[in-house]
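I have placed the structure first, in the form of structure tokens, so that the comments after it can refer back to it.
The values are calculated or read from the model by the stated rules, or taken from the named source; none is laboratory data. Keep in mind that this is a model prediction, so the values were computed, not measured. Here Cβ is always computed from backbone atoms with ideal geometry, including for glycine, and neighbour counts include all displayed protein chains. Surface accessibility is based on the protein's heavy atoms, side chains included, excluding ligands, DNA and RNA. Shrake-Rupley method; radii C 1.70, N 1.55, O 1.52, S 1.80 Å.
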Amino acid sequence: MNEPRPESSHSEQPGEPAAASAFDLEKVREEKLGKIQALGIDPWGTRFDDHQAVAQVRGLTAPPSGSAEAGPAVRIAGRITLRRTQGKVHFLQVRDWTGQIQVFIGKNQVGDSPWELAQLFDLGDLVGIDGTLGHTKTGELTVFATKLTFLSKSLLPPPEKWHGLTDVETRSRQRYVDLFTNPESMATFLGRTRILAAFRRILGERGFVEVEGPTMQAIAGGAAARPFITHHNALDLELYLRIALELHLKRLLVGGMERVFELGRVFRNEGISRKHNPEFTMLEAYQAYGDYHAMMDLTEALICGAINAVDGEYKRTITLSADASVPVDFTPPWPRRSYAELMLEYARVSRSDEAGIRSKAAELGLTVEGKEAVVLFGELFEELVEPKLEGPVFVIDYPAELCPLTKRKAGAPEIAERFELFVHGMELANAYTELNDPLLQESLFRKQLQGQREDDSMAKMDDDFIRALKHAMPPAGGLGVGIDRLCMLLLNRPNIRDVILFPLLRPEV
RNA sequence: GCCCUCCUAGCUCAAUUGGCAGAGCAGCUGACUCUUAAUCAGCGGGUUGUAGGUUCGAGUCCUACGGGGGGCACCA
């Protein structure tokens, strides 16, 4: 490893002499900070009440340019993103999280000492503006400042005014800069919170209560994934970060909470990609005395609600990658197609035709030896059917062998009551009629434990969960939705990193 | 973990075959009371991610390392 060296001027070295240009820009701003203080003004500001959102101000009516009529009095607060000075006049662009508006500051209009302050404004400073709303000679809606309030000094220069911050790494690392420079990024993350709010509202309207399961668990269950390991000192206990929400929510069903959901973070110790972040947000919802059909209705309501929260467009174009987008129509109801039917249509094989499955798999170049026919059947689905599913489409009734933890269809034990929602090859939701037979559950767990590989040695038998089931869990429908991927889809961001405020990155330097 | 690729001023980007590291924005000084990426004049700003190597000479070629991006693998 290289030792940190003084010439690595990018990392701040407190106490070391400022050496390079980066420091010069900062130094200039520090000097201005001193000048602001010399004016008797606190450069770090104070409470600033009753300001209006810029978007709200933009919605007001204001007199046209040159009118004798005084416009409405307004008060805004925000960041200076642009400054054009012209002699004894400044034009600023001031941005808050709702939008941006022009501010006019004239020396003769504000007076000498505010003018002195305005001379010290830098791009990136936070200011409060009192003024009247009107239009300039060129017709632009403008706040004509009457009073300036300094709210906070920016000691670092913001990115360039025209191109902004484009470097994807810096945008993720310094999300704060990304948010205040790139309005589309702000819109994306506010869109994400609207989607979450819509989910909570709809679930609440349907009688679901939000609960919080444990994030640190002695046994990380509910999915097959490698967990993160952590340690509790006082108990001297190895703990795992949860990989799913499922098993604790089901315990609550046993406890009598009939409709529960959790919108929570789960952690999986896996690779990072365009579609994977090690921590991500899941919705899981469980409805006592329901089944997977009830969950399909709920899924449709949730996603339609999310669309309405974003822009209300059911017919939308979704971005698959930087240079590929496709139209998708979310107008409900969405088709429900059985797994077997889709396999017949696209792969031309049925589950019972094992010879056909094997020859078809061989045809595609899949490894056939040593695999059970049902595994190949699943692989054929992934290869031949999933790419064809433009969606949104519910794929229902999976081969039971592929979903050991799902309740079988009454009178058809070879069929599992499960659906997955697909949109253009992306799996948006996964739901079951939950297995509530503790004896069957236990034996399936044991079988699963036997089959696992050496390096997956994290999985353990969750005896308490089995005990809970033995107290009788109601028959129930359960649903899982990957929130991050839904956000990618509805907010048109092809990379999961762009819908997670602080995605995992290697530490800087 | 593997393969490909990128890293140049605070930001956005140039730099011919290996031949003096440049521009715009931002910054500083000055002019300007209705600008729109304001304009005009002038000035400063760099260990080209890091460490080695090849070479008379490396931003450019080679090796290793760091970080990013894309893909593969992993991923009920």
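Here is how the numbers come out for the structure above:
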{"read-out": "Between helix A:292-310 and chain A: long-axis angle, C-alpha atoms, 0 to 90°, nearest 10", "value": "10"}
{"read-out": "Sequence of A:ASP311, A:ASP323, A:ASP397 when ordered by accessible area, the most exposed leading, probe 1.4 angstrom", "value": "A:ASP323, A:ASP311, A:ASP397"}
{"read-out": "Exposure rank, largest accessible area first [A:TYR289, A:TYR346; 1.4 Å]", "value": "A:TYR289, A:TYR346"}
{"read-out": "The stretch A:484-490 - phi-based ³J(HN,Hα) in whole Hz, Karplus 6.51/-1.76/1.60, Gly and Pro as x", "value": "5, 6, 4, 5, 4, 5, 7"}
{"read-out": "Accessible surface of chain A, 1.4 Å probe, proportion on carbon and sulfur as whole %", "value": "52"}
{"read-out": "Reciprocal of mean inverse Cα separation for the stretch A:384-509 (Kirkwood radius, Å)", "value": "17.3"}
{"read-out": "Amide proton proximity set for A:PHE330, modelled H, under 5 Å, gap of 5+", "value": "A:LYS315, A:ARG316"}
{"read-out": "Acute angle (nearest 10 degrees) that the helix A:246-255 long axis makes with the longest principal axis of chain A, alpha-carbon atoms", "value": "80"}
{"read-out": "Ordering of A:123-133, A:362-372 by packing [mean C-beta count within 10 Å, highest first]", "value": "A:123-133, A:362-372"}
{"read-out": "Nonlocal amide H pairs with A:LYS371, under 5 Å, H built at 1.01 Å", "value": "none"}
{"read-out": "Å² of accessible area per residue within the stretch A:29-177, as computed with a 1.4 Å probe and no ligands counted", "value": "53"}
{"read-out": "Furthest towards positive pole of dipole, A:GLY66, A:ALA472, A:SER321, structure part chain A, Cβ charges", "value": "A:GLY66"}
{"read-out": "For the stretch A:158-165, 3J(HN,Hα) per residue [Karplus equation, 6.51 cos²θ - 1.76 cosθ + 1.60, θ = phi - 60°, Hz, x = Gly/Pro]", "value": "x, x, 4, 5, 8, 7, x, 9"}
{"read-out": "Rounded to whole Hz, the Karplus (6.51, -1.76, 1.60) HN-Hα couplings of the stretch A:412-423, x for glycine and proline", "value": "9, x, 7, 10, 9, 7, 9, 9, 10, 9, 10, 9"}
{"read-out": "For chain A, size of Cβ-based charge dipole, Lys and Arg +1, Asp and Glu -1, in debye", "value": "1240"}
{"read-out": "Computed over chain A: relative contact order in percent, which uses C-alpha pairs under 8 Å that are six or more apart", "value": "12"}
{"read-out": "Solvent-accessible area of A:ARG446 with every protein chain in place, 1.4 Å probe, in Å² to the nearest 10", "value": "110"}
{"read-out": "Helical mean residue ellipticity (222 nm; -39500 (n - 2.57) per DSSP H run of 4+; nearest 500) of chain A", "value": "-9000 deg cm²/dmol"}
{"read-out": "Between helix A:183-205 and chain A: long-axis angle, C-alpha atoms, 0 to 90°, nearest 10", "value": "50"}
{"read-out": "Estimated dipole of the stretch A:21-152 in Debye, rounded to 20 [Cβ of Lys and Arg +1, of Asp and Glu -1, Cα centre]", "value": "280"}
{"read-out": "Sequence ranges A:331-341, A:216-226, ranked by mean other-Cβ count within 10 angstrom, highest first", "value": "A:216-226, A:331-341"}
{"read-out": "Rounded Å value of the spacing that divides the Cα centres of the stretch A:282-361 and the stretch A:163-208", "value": "25"}
{"read-out": "Nearest-10 value in Å² for the accessible area of A:HIS163, using the 1.4 Å probe", "value": "120"}
{"read-out": "Computed over chain A, Cα set: Rg, Dmax in Å", "value": "29.2, 91"}
{"read-out": "Long-range HN-HN contacts of A:MET461 with modeled amide H, under 5 Å", "value": "none"}
